[in-house]
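Just so it is clear, none of the values below were taken in a lab; they were calculated from the coordinates. Note that this is a predicted model, so its numbers are computed, not measured. Cβ placement follows ideal geometry from the backbone for every residue including glycine, while neighbour counts extend to all protein chains displayed.
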Amino acid sequence: MSQQEAADYLGISVVEVLKLTEVPDGSNGYISEIPHVKVGDKVYYPKQAIDRWLLDMELIVVP
């Protein structure tokens, strides 16, 4: 999926998808929250990987 398609699928904005794609890890690097694949300068979001990620996220409880 493209960034726009991922945003539509998740019900969030493209800006939020981009924020989840590269999250600062506190040591001048980045980690990814949302599964994605970079091909050249394009970013794709595999639907099955996002579905698994969403299931994993259901197990996290935020107080």
**Charge tally in the Cβ shell below 11 Å around Ala6, where Lys, Arg are +1 and Asp, Glu are -1, Ala6 excluded** = -2
**Message:** Can you give me the distance in nm between label points at Val15 and Glu33, each placed 7 Å from the Cα along the Cα-to-Cβ direction?
**Reply:** 1.4
